[in-house]
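Below is one structure; the comments refer to it alone.
The values are calculated or read from the model by the stated rules, or taken from the named source; none is laboratory data. The structure presented is a predicted model; accordingly, all values stated were derived computationally and were not measured. Reconstructed Cβ throughout: ideal geometry from the backbone, glycine too, with neighbour counts over all protein chains shown.
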Amino acid sequence: MKIRKNDTVLAIAGKDKGKKGKVRRALPDKKKVIVDGMNVLKRHSRTKGQARQGGIIDMEMPFNVSNVMLICNKCDKPTRVGYRTLDDGKKARICRNCHENID
Ligand SMILES: [Zn+2]
């Protein structure tokens with residue numbers, strides 16, 4: 001998947017459009033990501049029995065990777081991700097703006 005854990009991304013769709021955040025988890029099988037502070041669902045939790053906890057819980061919900069763009073850590077701009085094959089045969093992600101390696 002083009003987006004990985006600890007990447008900084010920009011939301012380009014949905015209610016958090018325009019927000020930036022850090023990827024906390026990438027879910028490649030589902031093509032989804034969980035981003036800090038994005039797509040937060042507020043849940044009112046009920047107090048059960050003697051438990052003292054209750055109130056509002058913030059839950060960060062996974063959302064589609066197609067709704068975010070990677071922010072390049074070199075030029076600091078949202079970019080599409082390209083790939084470059086390194087001398088040792090490994091693939092590295094590159095920024096399509098500045099053509100620097102992202103990894
Ligand atoms: Zn760049």
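One residue is enough: does segment 91-101 have a residue meeting the conditions exposed (fewer than 12 other Cβ atoms within 10 Å of the Cβ), away from the ligand (no atom under 16 Å from the Cβ) and at positive phi? No - not one qualifying residue is present in segment 91-101. Residues of segment 61-74 include none that is basic (Lys, Arg) and either closer than 20 Å to Val40 by Cα or out of contact with any Cys (no Cβ under 6 Å at 6 or more places or on another chain) (or both).
Among the residues of segment 34-55, are any surrounded by 11 or more Cβ atoms within 10 Å (Cβ to Cβ), within 16 Å of the ligand (Cβ to nearest atom) and within 13 Å of the chain's Cα centre (by Cα)? So far as segment 34-55 goes, no, none of its residues is surrounded by 11 or more Cβ atoms within 10 Å (Cβ to Cβ), within 16 Å of the ligand (Cβ to nearest atom) and within 13 Å of the chain's Cα centre (by Cα).
Pairing each residue of segment 70-84 that is more than 7 Å from the ligand (Cβ to nearest atom) with any residue that is of a type in the set (S, T, N, Q) and modelled with pLDDT under 95, provided the two are 6+ apart or on different chains, yields C-beta distances under 8 Å for Arg84/Asn101. Taken together, the criteria exclude Asn97 from residues that are at pLDDT below 95 and not hydrophobic (A, V, I, L, M, F, W, C). For segment 60-92, filtered to residues that are hydrophobic (A, V, I, L, M, F, W, C) and outside any strand (DSSP E or B), the residue that is nearest to the chain's Cα centre (by Cα) is Val65.
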